[in-house]
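The values are calculated or read from the model by the stated rules, or taken from the named source; none is laboratory data. Keep in mind it's a predicted model, so treat the numbers as computed, not measured. Positions of Cβ are backbone-derived with ideal geometry, glycine not excepted, and every protein chain shown enters the neighbour counts. Side chains included, ligands, DNA and RNA excluded: accessible areas come from the protein's heavy atoms. Shrake-Rupley method; radii C 1.70, N 1.55, O 1.52, S 1.80 Å.
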Amino acid sequence: MSLNETDKQPMVQFGRAIFWVAVLFSSFQIYTAAFSPISSQVTRAIHVGFVILMVYTIAPRFFGQRVPVLGWVLGLLGFVLSLYHWVFEADLTARAGEMTQADMVVGILTIILVFDVTRRMMGWALPIVCAVFLAYGLFGEYLPGALMHRGYGFDQIVGTLAFGTEGIYGTPTYVSSSYIFLFILFGAFLERAGMIDLFSDFAMGTVGHHRGGPAKVSVVSSGLMGTINGSGVANVVTTGQFTIPLMKRFGYSAPFAGGVEATSSMGGQIMPPVMGAVAFIMAETINVPYVEIVKAAIIPAILYFFTVFMSVHFEAGRKGLHGLPKEECPNPWTALAKKWYLLIPLIGLVYLLFSGYTPLFSGTVGLGLTTILIFGAAAIQGVSNTALRYIFWILLGIACLGFREFGVSAFFAIIAFLVVVLKLKRDGSGSAVSEALQSMAEGARHALPVAVACALVGVIIGIINLTGVAAEFGGQVIAVGRDNLFVALFLTMITCLVLGMGIPTIPNYIITSSLAAPILLELGVPLIVSHMFVFYFGIMADLTPPVALACFAAAPIARASGFTISLQAVRVAIAGFVVPYMAVYTPALMLQEYSHFYEVVIVVLKAAIAIVCWAGGATGFIFTRLNPFERVYVIFTAALLVWANPYSDIAGFGLVAVFVVWHLLKYRRDKAAGLLTVKGSSSSAAVLATELGASPNQNQG
């Protein structure tokens, strides 16, 4: 059973034993995040043990047949092997590097099991790439030329990969076992509380009635979801269930609808405050506070969604598609007024992150607040007296302030009290506890693909650190790009896109940043910018054909092929490909290396104008249709603005001014001639709303 297949089923359908294993996994992660009762090394090992246990019990297929008993045996074996690091922690520390026979058995079995669970979750691509690196570590001494290394013993390879902090239990697994898991749980609880409905209603109410409204709803709702959920594919399969059919029924082609949703959803990985898992790994890798990553990402993230927004706006103009009548859309402020409290954990999370608290602490507080809100809303349900409701929430808020004195223990005490209240009530509100357990189980299941990828790419990191192959690779690329930074950037981009054909963003970033980011740093690119460049194109790899994970996730919803969707996704996001290059040549775009804030304003203005030109050239429409010459003209103008040179900037702005005058004259002429028609009417919108199961001024999420 693949990951996509398991994602379609609630956790309870896998059996109560598996459900409670998932709940126990989440409970372990919450407890260790809140109190750190055991060492980081042991936490990482047990984290991987739980992952092995869950994967084998959820996907127990062997030779084409489901064999649950064998799945439980192998899963429990993997979990017991993880406890070896806890039981013999002192011995392993005392004789670090000296492998006993028991160590070898545990290490070999762990490596094999991690390879197999990754194959079950993510297919063959990543295990094959990691196996190539493992083979290089074992047999690289026999290779000719510069790739040959001095040779390492089998016990040394096993010790590096299965013990210590450079292999399977390296930095990616540390981040997975702390920040990532916690934020996935945070997103799962917010989704369970109704955040998707809030975001969908708000997006529909704010942009649904504008030109191309359905596609803009996809962009806005996916961007909002990205603030709490750093998984692009997860965004596709949640918001896409609503937005893709909406776009199709209103006149967009199925491939374009799928492409817009995939492109918008992948932007969630670079949208603060809760960015993708890679952002946390990056912060640990380059040893900078997470808030610095957020600051570097905020402007490129806004520009990314601006790119998609303008592309769908121009496509709607080209096709003459209007939005829903305003009366058919929900009132965004009414939706916000009804569920405003769901924003409290998100606001608290942002405040703590920007106040200098660690992501681990901030995520724990955010999760605690979300749980208290869910249980509090259930506890006060049925109380009609407004004064009592206000008093209840005020007292609950005062109680939450106790975390400043007693830490997260205050949250656990409040949650325990609310659980008792819910259990004593007889009106059915106790179901909130069951829903919380469901969220814990779903969160654990959604963390599996990230966790297995983080564990297995430790093989690559371990071999790279052991053999020093990154330095050799870097020397070759530097030799090519020493005199031309653009060539080095282009080679790095191609590496990211090619690797992204078979592996997800996390291992793509880890592999490419290990090889290419030091090269860019040596060529004068700032540290954060070099890593963000790799990160950005790792995300774009999920949109580029022939293998585009986000697009294939959208395919069954759009009922179109993943390949055709990916072609449309690249067309929609084409202007976004230039943003990382602009950041390298003008680091002020990522709030790096600038003297005055006006430098940031200027580069953002240049980027915005370039994006409009590029998107217009790609779609063939701005205010009116563009002929082939005009499309080439605006793309050339955009290229001049991207090129970080004072003369190219002057030329670019001059060409923009000429084009604006010409295009406005053409627009007035076409409008007078009646060439600008608009499709869509109130009646068709009403039919659409009915088909979507919504009525005027009601939630349509």
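Here are the numbers for this structure:
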{"read-out": "Scan of the stretch 640-656 for residues that are open to solvent by 80 Å² or more (accessible area, probe 1.4 Å) and under 32 Å from the mean Cα position of the chain (by Cα), ordered by number", "value": "W643"}
{"read-out": "Filter result (at pLDDT 80 or above and of a type in the set (F, W, Y)) within the stretch 184-203", "value": "F186, F189, F202"}
{"read-out": "Every residue from the stretch 91-116 that is aliphatic (A, V, I, L, M), part of a helix (DSSP H, G or I) and modelled with pLDDT under 90", "value": "L92, A94"}
{"read-out": "Within the stretch 295-316, considering residues that are crowded, with 23+ Cβ neighbours inside 10 Å and among the β-branched types (V, I, T), the one nearest to A257 (Cα to Cα)", "value": "V312"}
{"read-out": "Residues (open to solvent by 10 Å² or more (accessible area, probe 1.4 Å) and at pLDDT 70 or above) located in the stretch 224-240", "value": "L224"}
{"read-out": "Flag if F473 is over 27 Å from the mean Cα position of the chain (by Cα), modelled with pLDDT of 80 or more and assigned to a helix (DSSP H, G or I)", "value": "no"}
{"read-out": "Residue in the stretch 302-315 that is without any contact (Cβ under 8 Å) to a residue 40 or more places away in the chain and not hydroxyl-bearing (S, T, Y) present", "value": "yes"}
{"read-out": "Failed criterion for T637 (all others in (1) more than 24 Å from I494 (Cα to Cα); (2) among the β-branched types (V, I, T); (3) surrounded by fewer than 22 Cβ atoms within 10 Å (Cβ to Cβ) hold)", "value": "(3)"}
{"read-out": "The lone exception for Y357 - which of (1) more than 30 Å from T624 (Cα to Cα); (2) part of a helix (DSSP H, G or I) it fails", "value": "(2)"}
{"read-out": "Some residue of the stretch 603-615 being over 26 Å from G674 (Cα atoms) and free of Cβ contacts under 8 Å to residues at least 24 places away in the same chain", "value": "yes"}
{"read-out": "Total residues in the stretch 253-289, condition outside any helix (DSSP H, G or I) and open to solvent by 10 Å² or more (accessible area, probe 1.4 Å)", "value": "7"}
{"read-out": "Members of the stretch 404-425 found to be hydrophobic (A, V, I, L, M, F, W, C) and not in a helix (DSSP H, G or I), listed by number", "value": "V408"}
{"read-out": "Residue match in the stretch 331-348 (condition: exposed (fewer than 15 other Cβ atoms within 10 Å of the Cβ) and at positive phi)", "value": "no"}
{"read-out": "Qualifying positions in the stretch 99-110 - open to solvent by 20 Å² or more (accessible area, probe 1.4 Å) and touching a residue at least 40 places away in the same chain (Cβ under 8 Å)", "value": "M99, M104, I108"}
{"read-out": "Residue in the stretch 117-124 that is assigned to a helix (DSSP H, G or I) and either surrounded by fewer than 17 Cβ atoms within 10 Å (Cβ to Cβ) or in contact with a Gly (Cβ under 6 Å, 6 or more places away or on another chain) (or both) present", "value": "no"}
{"read-out": "Among (1) in contact with a helix residue (DSSP H, G or I) (Cβ under 8 Å, 6 or more places away or on another chain); (2) in contact (Cβ under 8 Å) with a residue 60 or more places away in the chain; (3) open to solvent by 20 Å² or more (accessible area, probe 1.4 Å); (4) of a type in the set (A, V, I, L, M) - the single one A96 does not satisfy", "value": "(1)"}
{"read-out": "Residue within the stretch 138-147 that is under 18 Å from I510 (Cβ atoms), modelled with pLDDT of 85 or more and open to solvent by 10 Å² or more (accessible area, probe 1.4 Å) present", "value": "no"}
{"read-out": "Scan of the stretch 379-433 for residues that are open to solvent by 90 Å² or more (accessible area, probe 1.4 Å) and aromatic (F, W, Y), ordered by number", "value": "Y390, F406, F417"}
{"read-out": "Matching residues, the stretch 580-626, being in a loop (DSSP other than H, G, I, E, B) and not charged (D, E, K, R)", "value": "T586, L591, Q592, Y594, S595, H596, G620, I622, F623, T624, L626"}
{"read-out": "The one condition in (1) open to solvent by less than 40 Å² (accessible area, probe 1.4 Å); (2) of a type in the set (A, V, I, L, M, F, W, C); (3) over 21 Å from the mean Cα position of the chain (by Cα); (4) within 19 Å of G267 (Cβ to Cβ) that L591 fails to fulfil", "value": "(1)"}
{"read-out": "Odd one out for L437 among (1) of a type outside the set (V, I, T); (2) over 30 Å from V175 (Cα atoms); (3) outside the structural domain of I298 (by the TED database)", "value": "(2)"}
{"read-out": "Looking only at the stretch 241-252, and only at residues there that are at negative phi and outside any helix (DSSP H, G or I), the one that is surrounded by the fewest Cβ atoms within 10 Å (Cβ to Cβ)", "value": "F250"}
{"read-out": "Subset tally (residues that are of a type in the set (S, T, N, Q) and buried (at least 17 other Cβ atoms within 10 Å of the Cβ)) for the stretch 434-459", "value": "2"}
{"read-out": "Unique match (being outside any helix (DSSP H, G or I) and in the same structural domain as A90 (by the TED database)) among I168, I157", "value": "I168"}
